[in-house]
Amino acid sequence: MRYFTAIIHQDENSAYGLTFPDLPGCFAAADDWDGIPLAATEALDLWFEDEADFVPASLEAIRKRADVAEAIAAGAVLMPVPYIPADTAMERVNISMERGLLRAIDELAKSRKMTRSSFLASAARRELVGV
C-alpha cells in the first residue's frame, strides 16, 4: 500500500475539491468531508487505468513545491490517501480465527448475498483505506 498526497480545498458553499500533485490531471470532488476517501480512491483507480505505476513523492517533497505552498496559503490542506493498486487476480489463503467470529461473518455475508471471501476482502479494504 502506498500513500499519495492530496490537496483538498473548498470554496465557500461548494464541494471539496481534491487534486494530487504527483498525478497531473487526477482530481476528484466530494460533497462532504466524509466522502473524501471514497472520491480519492475512485480518482486514483481511474488515473492508474491509463498510467504506469510509480512511487509517490514524500510528503516533505510535496510540501516544498511552490504550487502546493500557494494552495496551502489559500486555505487548502494536505491529506495522505492510502492506495491499494487494483489487482483482480485471486489468491487463495488460509487463515485462522475464532469459531464464533467466523459464524458471525458467514451469517452477515449471507444476509448481504456475499461470499465469506468477498466479505472479508471488503472489510479488510475498509479497514486499510477507509472505503
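Derivation of every value follows stated rules applied to the coordinates shown; laboratory data play no part. Keep in mind that this is a model prediction, so the values were computed, not measured. Reconstructed Cβ throughout: ideal geometry from the backbone, glycine too, with neighbour counts over all protein chains shown.
For Ser122, Ser58, what's the fewest-to-most ordering of other Cβ within 10 Å of each Cβ?
Ser58, Ser122
For the chain, what does the relative contact order come out to in percent, with C-alpha contacts under 8 Å and a separation of six or more?
Rounded, it is 28 percent for the chain.
Output the 0 to 90 degree angle, nearest 10, between the alpha-carbon long axis of helix 116-129 and the longest principal axis computed from the alpha carbons of the chain.
30 degrees
Can you list the chymotrypsin sites (Phe, Trp or Tyr not before Pro) in segment 54-131 that are in a DSSP coil and have 14 or fewer other beta carbons within 10 angstrom? List each step's numbers first, then the result.
Numbers: sites: Phe54, Tyr83, Phe119; in loops: Phe54.
Filter output for segment 54-131: Phe54.
Pop a pseudo-label 7 angstrom from the Cα along the beta-carbon direction at both Glu91 and Glu42 and give the gap in nm to one decimal.
Spacing of the two 7 Å Cα→Cβ label points: 2.9 nm.
Would you please put 103-111, 17-25 in order of how densely packed they are, using the mean number of other Cβ atoms within 10 angstrom per residue and starting with the highest?
Working: 103-111: 12.4, 17-25: 17.4.
Listed from highest to lowest mean packing, they are 17-25, 103-111.
Using amide H atoms built 1.01 Å from N in the peptide plane, name the residues 5+ places from Phe4, or on other chains, whose amide H lies under 5 Å from its own.
Residues meeting the amide H criterion: Val81, Tyr83.
Would you calculate a helix-derived [θ] at 222 nm for the chain, using -39,500 (n - 2.57) for each DSSP H run of n ≥ 4 and dividing by the full residue count, to the nearest 500?
-12500 deg cm²/dmol
Of the peptides 9-15, 31-37, 95-101, how do they stack up when ordered by the mean number of other Cβ atoms within 10 Å, highest first?
Those peptides, ordered most packed to least, come out 31-37, 9-15, 95-101.
Rounded, prolate or oblate: which fits segment 50-125 when a ≥ b ≥ c are the square roots of the eigenvalues of the alpha-carbon gyration tensor, with rounded for a/c under 1.5 and prolate only if a/b beats b/c?
Cα axes put segment 50-125 in the prolate bin.
Report, to the nearest 10°, how far helix 99-111 tilts away from the longest principal axis of the Cα atoms in the chain, using its own Cα long axis and a range of 0 to 90°.
70 degrees
With a ≥ b ≥ c the root eigenvalues of the C-alpha gyration tensor of segment 2-83, is it rounded (a/c under 1.5), prolate (a/b larger than b/c) or oblate?
Since a/c reaches 1.5 but b/c is at least a/b, the shape of segment 2-83 is classed as oblate.
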